[in-house]
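Please read the structure below before turning to the comments.
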Amino acid sequence: MVNVKGGIIASNKAAMAASKTPSALGVMLNSKGVQERFEKMLGKKSAGFLSSLLSLANNNKLLSNADPRTVLAAAATAASLNLPINPSLGKAWIVPYKGAAQFQLGYKGVIELAQRSGRMKFITMASVYEGEIENWNRFTESYTPGERKSDVVVGYFASFELLNGFRKATYWTKDEVIKHAQRFSKTYGAGPWQTDFDAMACKTVLISIMKTYAPMSIEMQEAMEADGKVGLMNAAGADEYIDVDTEDEDNGDNAAEPVEQGMKDGRKVDLETEEPF
């Protein structure tokens, strides 16, 4: 009986010790080089930002198992743009993808960066419900306003006007957004595409006209360049973007089910069993 009790106590102590063992990301966050990098970008806000990053990773199994270097690189991109990474704010996301993490710009982040340019008179986007837009003409960018008939979202509208009077608008049906996302988004069906579809759809439609017709600040260019990319960051700082799909092809047999792989405490693990490869 004593042995059983002793075994239980020992097991509980081991579990508590394991829960206090810092993750690979936690270890990197405590490194001098990483802390100096974020302090340079965020100043006194860096400690709170890094704390929210660790909390975000700890509450997302796929993200907690992602290569911590890629998580830091995505966070560094958000920090350099001064965008919060809290998913509920919709300005920037850190999304797990095939054992890595990528930076994704939210539509509210697009709007904020556009407003910072000081050249926007107004900028807007919205989900369109059945009946609200009729007879959309993509050549004249005109339509007949209608009455909302239901709670069914059928499309997405975006427009902006510059201080000099230049204006641009667009409307995509929901099917058009889905086809575009399936073709161009590597994380379609997961991450914010799964949890915040309308927000991602609005962003897609808004960016479609921003990229071509809006004046692009340096911040906006950097954000769009980094959007959906995977970067690596070591203790000294961000290194480069990598193509995860190409990396998977180079890994031979490991490419069969790459999304199931991840990192835990610096080791490759199966995301379901958490057993090392």
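The values are calculated or read from the model by the stated rules, or taken from the named source; none is laboratory data. Quick caveat, the model's predicted, so the values are computed rather than measured. FYI the Cβ positions are ideal-geometry reconstructions off the backbone, even for glycines, and counts take in every protein chain you see. In case anyone asks, the SASA skips ligands and DNA or RNA and just uses the protein heavy atoms, side chains included. Shrake-Rupley method; radii C 1.70, N 1.55, O 1.52, S 1.80 Å.
For this structure, a couple of remarks:
- Estimated at the nearest 10 Å², the accessible area of residue 27 is 80 Å² with a 1.4 Å probe.
- Cα gyration tensor shape of the range 122-210, rounded if a/c is under 1.5, else prolate or oblate by comparing a/b with b/c: oblate
- Gyration tensor over alpha-carbon atoms, the range 88-164, equivalent ellipsoid semi-axes in Å: 28, 21, 11
- Between residue 198 and residue 32, full extension at 0.36 nm per residue minus the direct alpha carbon distance yields a gain of 55.8 nm.
- Check: the range 34-123 dipole with +1 on Lys, Arg Cβ and -1 on Asp, Glu Cβ, in debye: 260
- Residue-wise HN-Hα coupling along the range 40-50, computed from phi with Karplus coefficients 6.51, -1.76, 1.60 (Hz; x: Gly, Pro): 5, 7, 10, x, 5, 7, 5, 4, x, 5, 5
- Cα-projected label distance for residue 184 with residue 142, points at 7 Å along beta-carbon direction, nm: 2.8
- Think of each Lys and Arg Cβ as +1 and each Asp and Glu Cβ as -1; about the Cα centre, that makes the dipole of the range 99-182 roughly 400 debye.
- Each distinct pair of alpha carbons in the range 41-142 adds a 1/r term; the inverse of their mean, the Kirkwood radius, is 15.7 Å.
- Placing +1 on the Cβ of every Lys and Arg and -1 on the Cβ of every Asp and Glu, with no other charges, gives the range 169-216 a dipole of roughly 180 debye about its Cα centre.
- Cα coordinate range in the range 49-96, projected on the principal axes (Å, largest first): 25, 21, 17
- In plain terms, the chain from residue 45 to residue 86 could stretch by 13.3 nm, reckoned as 0.36 nm per residue minus the Cα-Cα distance.
- The range 169-227: equivalent-ellipsoid semi-axes (sqrt of 5 x gyration tensor eigenvalues, Cα, Å): 21, 15, 9
- Estimated inter-spin distance, residue 168 and residue 221, nm [label 7 Å along Cα→Cβ]: 1.6
- Placing R0 at 45 angstrom, the Cβ-Cβ distance between residue 122 and residue 61 gives a FRET efficiency of 0.65 after rounding to 0.05.
- Protein-only accessible surface at a 1.4 angstrom probe places the residues 138, 148 in the order 138, 148, largest first.
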